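These notes concern the structure reproduced below.
The values are calculated or read from the model by the stated rules, or taken from the named source; none is laboratory data. Here the structure is a predicted model, which is why all the values come from computation and not from measurement. In this analysis, Cβ positions are derived from the backbone assuming ideal geometry, glycine residues included, and neighbour counts consider all displayed protein chains. Each accessible area value is taken on the protein alone, full model and side chains, heavy atoms only, with ligands, DNA and RNA left out. Shrake-Rupley method; radii C 1.70, N 1.55, O 1.52, S 1.80 Å.
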Amino acid sequence: MEKSNTFYIFDREDWTTLNTAEHFSMTDDELEELSALNDTVSLTDVREIYVPLASILDIFIQNYEKQQLELKNLLGAPPQSAPYVIGITGSVAVGKSTLARLLQTILAQYYKDKKVDLITTDGFLYPNEVLKEKGLMERKGFPESYDMHRLITFMGDVKSGKPNIKVPKYSHDIYNIVEGEYEVIGRPDILIVEGINTLQLPANEKIYASDFFDFSFYVDAEPNKIEKWYLQRFGILIDTAFRDPKNFYNIFADVEREKAFDYAKRIWKEVNLRNLLDNILPTRFRADVILHKTTDHYIDQILLRKH
């Protein structure tokens, strides 16, 4: 384990020796359903990386619940408990959604008596129609493309125990908010919030989404590797989208593959890479755990905040 004033730094070999209790089992088929496009995870990864992560989270969650109970007893407050909120961030195509779904599944098995929900911040993007009006379509994913006031209001409602909170539904098929459709979050015990903007500090806000987090993850990798994963995912999407004329990627069905990838490379360089360097990467050391990936999404290093 390497030394740092801020983080415990583990290479993969050291991390796998952690003394963790396994309360989790999964088949290859179940794991495949959880993995995102072009982000393969093995059962070995689950055992060596993700179950130890859940064991560490268990320590923090137990301490949180004890603290909440003691504080409410002291203040004479109602016994209703506030949910434990976990934030997950990192670049586009780095594997955030796979981590989020794996954690949800593992924690639900750890805590069979608890409700573990998952939400992405995509639902808080402005609809494409609004982004077009604001001239922000090619800055989608940048801080100004999100309705941050709505996101922060949502986080406050979750922490206060408000029931049946409606969140706009975002579809990656149509690349837009689905009008009239919502996801409903109803008083979870644990809520996982995944998105590229979860640890950002918008200049025009006095309260940030991360103020409501009890624990946070940053999924990290070198930009050139993320670009490769982004382009691989793009290829998978255009290969399958021709079946559905409503799919956003169907516009590439009759475009020469080389030209389609020229477009994807431009979007990576001018939008996603710029957003990563300017807005996402600077939040990395605000996270409680940093998972560093190398070739083929292989996690080779884990950083755990000391304080």
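Remark: the range 112-125, residue by residue, has Karplus-estimated 3J(HN,Hα) of 5, 9, 10, 9, 10, 10, 9, 9, 10, 7, 4, x, 9, 5 Hz, where x stands for each Gly or Pro and the curve is 6.51 cos²θ - 1.76 cosθ + 1.60 at θ = phi - 60°.
At 37 °C and 0.692 mPa s, grab the translational diffusion coefficient of the chain from Stokes-Einstein with a Kirkwood Rh over Cα pairs, rounded to a whole number in µm² per second. Don't jump to the answer; show the numbers that get you there.
Values: Rh = 20.6 Å.
My calculation gives 160 µm²/s for D.
Under the shape rule built on the C-alpha gyration tensor, where the axes satisfy a ≥ b ≥ c, the range 48-142 is oblate, since a/c reaches at least 1.5 while a/b does not exceed b/c. Per residue, the chain reaches -10000 deg cm²/dmol at 222 nm when only DSSP H runs of four or more residues are counted, each adding -39500 (n - 2.57). The GNM of the chain, with springs linking C-alpha atoms under 10 angstrom apart, assigns the highest mean-square fluctuation among Thr121, Thr198, Thr153 to Thr153.
From the square roots a ≥ b ≥ c of the eigenvalues of the alpha-carbon gyration tensor of the range 210-255, which class results: rounded (a/c under 1.5), prolate (a/b over b/c), or oblate? Each step should come with its number before you reach the end.
Numbers: a/c = 4.62, a/b = 1.92, b/c = 2.40.
Here the range 210-255 falls in the oblate category.
With everything on Cα atoms, drop me the angle between helix 51-75 and the longest principal axis of the chain, reported from 0 to 90° to the nearest 10. With both axes taken from Cα atoms, the answer is about 60 degrees.
Counted without the sites themselves, the longest stretch of the chain free of trypsin sites (Lys or Arg not before Pro) in a DSSP loop having at most 10 other beta carbon atoms within 10 Å is 4-111.
Suppose every K and R has +1 on its Cβ and every D and E has -1 on its Cβ; what is the size of the dipole of the range 139-208 about the Cα centre, in Debye to the nearest 20? Please list the in-between numbers first.
Numbers: 9 positive and 10 negative charges, 46 e Å.
Roughly 220 debye for the range 139-208.
Ordering Glu227, Glu256, Glu30 by how much accessible area each has at a 1.4 Å probe, largest first, what is the list?
Values: Glu227 60, Glu256 120, Glu30 90 Å².
Descending accessible area places them as Glu256, Glu30, Glu227.
Taking Gln109, Gln67, Gln232 in turn, the Gaussian network model of the chain (Cα-Cα springs below 10 Å) assigns the largest fluctuation to Gln67. Taking all protein chains as they are arranged and a probe of 1.4 Å, the heavy atoms of Asp173 leave approximately 90 Å² accessible to solvent. Extending 7 Å from Cα along the Cβ direction at Arg284 and again at Leu69 yields two label points whose distance is 3.9 nm. Helix 257-267 sits at what angle to the longest principal axis of the chain, using alpha carbons and giving 0 to 90 degrees rounded to 10? The angle comes out at about 50 degrees.
As I understand it, the dipole of the range 79-175 uses +1 on the Cβ of Lys and Arg and -1 on the Cβ of Asp and Glu, about the Cα centre. Which of Ile165, His149, Leu131 lies farthest toward its positive end? Looking along the dipole axis, the top candidate is Ile165. Here the Gaussian network model covers the chain, with springs between Cα atoms less than 10 Å apart; of Tyr126, Tyr170, Tyr182, Tyr182 fluctuates the most. Spin-label model, Thr40/Leu277: points 7 Å from Cα along the beta carbon direction are separated by 3.1 nm.
Starting from the residue with the highest accessible area, list His307, His297, His149 in decreasing order, probe 1.4 Å. Don't skip to the end; give the middle numbers.
Numbers: His307 170, His297 20, His149 125 Å².
So the residues, ranked largest to smallest area, are His307, His149, His297.
For the Cα atoms of the chain, what angle does the longest principal axis make with the long axis of helix 223-241, in degrees from 0 to 90, nearest 10? With both axes taken from Cα atoms, the answer is about 60 degrees. Please label the shape of the range 163-287 as rounded, prolate or oblate, based on the square roots a ≥ b ≥ c of the eigenvalues of the alpha-carbon gyration tensor (a/c under 1.5 means rounded; beyond that, a/b larger than b/c means prolate, else oblate). Here the range 163-287 falls in the oblate category.
Counting only heavy atoms of protein chains, what accessible area per residue, in Å², does the chain have with a probe of 1.4 Å? Each step should come with its number before you reach the end.
Values: 15940 Å² over 307 residues.
Accessible area per residue: 52 Å².
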